Amino acid sequence: MHLNWQVKHYHDLTLNEFHDIIALRLDVFVVEQDCPYLDLDGKDKKCYHLICRDGKGDVMATSRILPPGISYEHTAIGRVVINKKYRGQGIGHDMMERCIQFSQNEFGNSPIIISAQKHLEEYYGKHQFVSTGSEYLEDGIPHLEMKRSPQS
């Protein structure tokens with residue numbers, strides 16, 4: 001399967017791209033996970049967005065990369081989402097590696113923070129994210145803060 005990866009700042013997204021990103025996030029986070037929440041939190045406008053498209057141009061996966069100072073002191077990765085029909089094919093691991101690489105290139109080799117759903121702790125651990133010990137409920141789902149330390 002041919003995958004097309006792009007990272008774009010919000011200001012460089014087309015209306016259709018932003019629509020497709022939000023549609024996928026709502027489909028997974030609100031409908032599939034039955035979690036009504038305010039996805040449009042105002043942070044998208046300050047972020048970079050990683051988009052993965054299939055050969056037809058449809059958005060298969062996306063995440064947002066938050067510059068330092070938006071949600072945390074350090075860079076953060078959030079809204080990590082993969083269309084259900086493409087899960088289990090390694091796209092998520094590829095996406096995390098691309099997010100990490102972009103963050104390091106854009107913001108330097110500094111810590112990266114994520115707010116992870118608790119059941120995905122092992123998944124993020126494969127990318128050197130470690131729990132900070134901060135666990136909490138977010139929209140009724142157990143989450144934990146995880147941090148990836150700078151790599152030497």
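No lab work stands behind these numbers, since they all come straight from the coordinates. As the structure is a computational prediction, the values presented were derived from the model and not from experiment. Note that we place each Cβ from the backbone using ideal geometry, even for glycine, and neighbour counts take in every protein chain shown.
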(request) Please enumerate the residues belonging to segment 83-104 that are free of Cβ contacts under 8 Å to residues at least 12 places away in the same chain, among the basic types (Lys, Arg) and not in a loop (DSSP other than H, G, I, E, B). (result) Lys85
(message) Can you tell me which residue is nearest to His49 (Cα to Cα) among those in segment 124-137 that are in contact (Cβ under 8 Å) with a residue 24 or more places away in the chain and not in a helix (DSSP H, G or I)?
(response) His127
(request) Would you check if there is a residue in segment 102-115 being acidic (Asp, Glu) and within 30 Å of Asp54 (Cα to Cα)? (result) yes
(message) So if I check each of Lys118, Lys84, Lys46, which one is closer than 20 Å to Thr14 by Cα and of a type in the set (D, E, K, R)?
(response) Lys46
(message) With the requirement that a residue be over 13 Å from the mean Cα position of the chain (by Cα) and hydrophobic (A, V, I, L, M, F, W, C), what does segment 61-95 give you?
(response) Ile70
(message) Any residue in segment 34-58 that is β-branched (Val, Ile, Thr) sitting within a Cβ distance under 9 Å of a residue that is in a helix (DSSP H, G or I)? List the pairs, counting only those 6 or more apart or interchain.
(response) Ile51/Glu17; Ile51/Asp20; Ile51/Ile21
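If I filter segment 34-47 for residues that are within 22 Å of His127 (Cβ to Cβ), in contact with a Lys or Arg (Cβ under 7 Å, 6 or more places away or on another chain) and not small (Gly, Ala, Ser), do I get at least one hit?
Quick first cut of segment 34-47, residues within 22 Å of His127 (Cβ to Cβ) only: 43, 47.
Keeping just the survivors that are in contact with a Lys or Arg (Cβ under 7 Å, 6 or more places away or on another chain) gives 47.
After this cut, where a residue has to be not small (Gly, Ala, Ser) as well, the list is 47.
There is at least one residue in segment 34-47 that is within 22 Å of His127 (Cβ to Cβ), in contact with a Lys or Arg (Cβ under 7 Å, 6 or more places away or on another chain) and not small (Gly, Ala, Ser).
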(message) Being aliphatic (A, V, I, L, M) and touching a helix residue (DSSP H, G or I) at 6+ places or on another chain (Cβ under 6 Å) is the requirement here; does Ile77 meet it?
(response) yes
(message) Which pairs turn up if I take residues in segment 8-25 that are among the β-branched types (Val, Ile, Thr) and look for partners that are in a helix (DSSP H, G or I) with beta carbon separation below 9 Å, at least 6 apart in sequence or on another chain?
(response) Ile21/Asp44; Ile22/Asp44
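Listed residues Ile82, Ile91, Ile77; which is touching a strand residue (DSSP E or B) at 6+ places or on another chain (Cβ under 6 Å) and buried (at least 21 other Cβ atoms within 10 Å of the Cβ)? Spell out the reasoning first.
Details: Ile82 fails: buried (at least 21 other Cβ atoms within 10 Å of the Cβ); Ile91 fails: buried (at least 21 other Cβ atoms within 10 Å of the Cβ).
One residue alone meets the criteria, Ile77.
If I ask for residues that are touching a strand residue (DSSP E or B) at 6+ places or on another chain (Cβ under 6 Å) and either surrounded by 13 or more Cβ atoms within 10 Å (Cβ to Cβ) or more than 16 Å from Ser71 (Cβ to Cβ) (or both), which ones from segment 131-152 would you list?
Taking segment 131-152 first, the residues touching a strand residue (DSSP E or B) at 6+ places or on another chain (Cβ under 6 Å) are 131-132, 134-136, 141, 143-148.
Of everything in segment 131-152, those that are touching a strand residue (DSSP E or B) at 6+ places or on another chain (Cβ under 6 Å) and either surrounded by 13 or more Cβ atoms within 10 Å (Cβ to Cβ) or more than 16 Å from Ser71 (Cβ to Cβ) (or both) turn out to be Ser131, Glu135, Ile141, His143, Leu144, Glu145, Met146, Lys147, Arg148.
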(message) Restricting to segment 105-123, and then to whatever is free of Cβ contacts under 8 Å to residues at least 24 places away in the same chain and part of a helix (DSSP H, G or I), can you tell me which residue is surrounded by the most Cβ atoms within 10 Å (Cβ to Cβ)?
(response) Leu120
